[in-house]
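Data block below; observations after.
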Amino acid sequence: MLVMGILNVTPDSFSDGGQFDSSTAAVARGLEMVAGGADIIDIGGESTRPGAQRTSQEQELKRTIPVIKALAEQGVVVSIDTMRAEVARAAVEAGATYINDVSGGIADAEMHRTASELGVNYILMHWRGHSLDMNTKATYSDVVAEVKAELSQQIIKALTAGITPEKLLIDPGLGFAKDTDHNWELLKRIDEIVDLGYPVLIGASRKRFLGGDSPLERDEATLDVTKGLIGKGIWGVRVHVVAAHKEVISHV
Ligand code: PMM
């Protein structure tokens, strides 16, 4: 199981509290995660926490590109966390080799074509709408079956746009238009998502469904989720605290 370290270069990120909103600090944090064993660093310039307003494309580029360039130059495997095709393109030109699109291609009609043209890895996440009102879309009769069906639809679109199956990864999108019970049900029945046949990434780190009053109180619970995923054919976990996850995974 790979460990993807989260590097949110956003002043309003719910978990970093804006601590790493300058490029220099962000690069240092990225290198620290690499030293801790991170296989990939996922760099995002737009907050997707529930209720968040959108960030402008210009702002997103300004926050992420210098950090991507600096880390890629040092040989770090970089992923760009963006829903915008133009940001993805600039990030890949700066050295990113993964596009992590939390909207799975829904937010930007050009995304799948762009990812296909760039020929990089594309992480397609389950998504039902922007963060501002996504909680109103958390209605399912069978969350796993519906997430699976909606992921399948986007997978077909991605493949039709020319993304090759070898470059495609999927993510059930914990916390995105899902309430607490939905997230736990997805984790419990994660094998059904793995059955889709693509590498699966899981992002549970510090999310509200884990309980606790603040994100920093959720690190133990995040580790427990990762422990529970071991042996289930999961490709990677997207986490804030890299070294502890590496440790847990290596002890299997
Ligand atoms: N979660 C967040 C942002 N990007 N990307 C993927 N692939 N999966 C996720 O679950 C995911 C993501 C929101 O969490 P953060 O604000 O801690 O980055």
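The values are calculated or read from the model by the stated rules, or taken from the named source; none is laboratory data. Worth saying up front: this structure is predicted, and the values here are computed from it rather than measured. No Cβ is skipped: glycine too gets one built from the backbone with ideal geometry, and neighbour counts run over all protein chains shown.
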Open item on the list: Pull out all pairs, ordered by first then second residue, where Cβ-Cβ is under 6 Å, the residues are six or more apart or on different chains, the first lies in segment 200-224 and is more than 7 Å from the ligand (Cβ to nearest atom), and the second is hydroxyl-bearing (Ser, Thr, Tyr) and in a loop (DSSP other than H, G, I, E, B).
Closed with: Pro215/Ser15; Thr222/Ser205
Open item on the list: If I go through segment 74-95 residue by residue, how many of them are small (Gly, Ala, Ser) and either over 21 Å from Thr164 (Cβ atoms) or not in a helix (DSSP H, G or I) (or both)?
Closed with: 5
TODO: Say whether the condition of being modelled with pLDDT of 95 or more, among the aromatic types (Phe, Trp, Tyr), closer than 15 Å to Pro172 by Cβ and more than 14 Å from the chain's Cα centre (by Cα) is met by at least one residue in segment 133-154.
DONE: yes
TODO: Name every residue in segment 96-126 that is in a strand (DSSP E or B), closer than 20 Å to Val67 by Cβ and within 11 Å of the ligand (Cβ to nearest atom), in order of residue number.
DONE: Tyr98, Ile99, Asn100, Asp101, Ile123
- [ ] Among what's in segment 81-90 and is away from the ligand (no atom under 14 Å from the Cβ) and among the aliphatic types (A, V, I, L, M), pick the residue that is nearest to Ile40 (Cα to Cα).
- [x] Ala90
Open item on the list: Which condition from (1) touching a helix residue (DSSP H, G or I) at 6+ places or on another chain (Cβ under 6 Å); (2) more than 16 Å from the ligand (Cβ to nearest atom); (3) free of Cβ contacts under 8 Å to residues at least 60 places away in the same chain is the one that Gly37 breaks?
Closed with: (3)
- [ ] Looking for whichever is farther than 11 Å from Gly105 by Cβ, in a loop (DSSP other than H, G, I, E, B) and touching a Ser or Thr at 6+ places or on another chain (Cβ under 7 Å) here; the options are Gly162, Gly175. Which one fits?
- [x] Gly162
Open item on the list: Just checking, does segment 133-147 include any residue being of a type outside the set (A, V, I, L, M), within 25 Å of Val76 (Cα to Cα) and either within 15 Å of the ligand (Cβ to nearest atom) or surrounded by fewer than 18 Cβ atoms within 10 Å (Cβ to Cβ) (or both)?
Closed with: no
Task: Residue list for segment 230-242, restricted to those being touching a residue at least 40 places away in the same chain (Cβ under 8 Å) and more than 13 Å from the ligand (Cβ to nearest atom) - done: Ile230, Lys232, Gly233, Val242
Open item on the list: For the condition modelled with pLDDT under 90 and either surrounded by fewer than 20 Cβ atoms within 10 Å (Cβ to Cβ) or among the β-branched types (Val, Ile, Thr) (or both), what is the one hit in Gly37, Gly95, Gly75, Gly18?
Closed with: Gly18
Task: Failed condition for Ala70, given (1) out of contact with any Leu (no Cβ under 7 Å at 6 or more places or on another chain); (2) in contact (Cβ under 8 Å) with a residue 12 or more places away in the chain; (3) within 26 Å of Lys137 (Cβ to Cβ) - done: (3)
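Rundown of residues vs (1) within 14 Å of Pro172 (Cα to Cα); (2) crowded, with 16+ Cβ neighbours inside 10 Å; (3) not acidic (Asp, Glu), yes/no style:
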| residue | (1), (2), (3) |
| --- | --- |
| Gly212 | no, no, yes |
| Glu217 | no, no, no |
| Ala221 | no, yes, yes |
| Lys246 | no, yes, yes |
